[in-house]
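Peer 1: A single structure is presented below for examination.
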Amino acid sequence: MIHRIAIATSDGKMVNEHFGHAKRFIIVDLSDEGSYFVSDVRECINACGSDDVNDRMNTVIDKIKDCEAVAVCRIGSSAIMRLKEKGIKAYVNPGFIEDVLKEYLENFIRR
């Protein structure tokens with residue numbers, strides 16, 4: 001099975017962005033065996049901003065709506081609830097993307 005994960009990253013190497021501050025997400029297709037490849041890079045506005053935060057949040061969530069989870073270094077409780085309503089897990093785990101994906105498999109898939 002393939003698991004599509006959005007990664008909040010500023011450098012393409014680390015999960016190092018707060019969900020509300022991320023301006024792009026790397027989309028990774030992860031197999032049950034642990035292999036993965038980058039299937040897309042999605043640019044977006046940051047969810048936190050000076051104008052209507054609800055509209056901004058909806059815009060960002062819409063960009064990753066085909067993902068089962070989003071890996072971030074931090075995220076607020078309101079964003080977690082909004083993602084959950086759309087069936088997207090918020091996975092808080094800063095670190096190297098490869099390590100975070102391995103831990104995601106261990107914590108959510110191979111349990």
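The values are calculated or read from the model by the stated rules, or taken from the named source; none is laboratory data. Owing to the predicted nature of the structure, the values given are computational and were not obtained by experimental measurement. Backbone-built Cβ (ideal geometry, glycine too); neighbour counts: all protein chains shown. In case anyone asks, the SASA skips ligands and DNA or RNA and just uses the protein heavy atoms, side chains included. Shrake-Rupley method; radii C 1.70, N 1.55, O 1.52, S 1.80 Å.
Peer 1: Spin-label point model (7 Å from Cα, Cβ direction): what's the Ser10 to Lys65 distance in nm?
Peer 2: 3.0 nm
Peer 1: Give the ranking of Ser10, Ser31, Ser39, Ser77 by solvent-accessible surface, highest area first, calculated with a 1.4 Å probe.
Peer 2: Ranking Ser10, Ser31, Ser39, Ser77 by accessible area, largest first, yields Ser77, Ser10, Ser39, Ser31.
Peer 1: Among DSSP beta bridges whose residues both lie in the chain, state the antiparallel percentage, nearest 5.
Peer 2: Roughly 65 percent of the DSSP beta bridges within the chain come out antiparallel.
Peer 1: Something else now. Per residue, how much accessible area does the range 36-111 show when a 1.4 Å probe rolls over the protein heavy atoms, in square angstrom?
Peer 2: Ligands and nucleic acids excluded, the figure is 61 Å² per residue.
Peer 1: Taking the chain, how many lysine pairs are there with alpha carbons less than 21 Å apart, if each pair must be eight or more places apart or span two chains?
Peer 2: Pairs that pass both the separation and distance tests number 16.
Peer 1: Right, another one. If I stretch the segment between Asp40 and Glu85 completely, what's the gain in nm (0.36 nm per residue apart, minus their alpha carbon distance), one decimal?
Peer 2: Fully extending the segment from Asp40 to Glu85 adds 13.9 nm.
Peer 1: Also, I was wondering about something else. Ignoring ligands, DNA and RNA, what percent of the 1.4 Å accessible area of the range 10-111 is carbon and sulfur?
Peer 2: Using a 1.4 Å probe with all protein chains present, the range 10-111 comes out at 49 percent carbon and sulfur.
Peer 1: Quick one: net charge of Leu30's neighbours, Cβ under 11 Å, K/R +1, D/E -1?
Peer 2: Neighbourhood net charge equals -3.
Peer 1: According to a simple spin-label model (label point 7 Å from Cα along Cα-to-Cβ), what is the distance in nm between Asp29 and Arg74?
Peer 2: Spacing of the two 7 Å Cα→Cβ label points: 3.4 nm.
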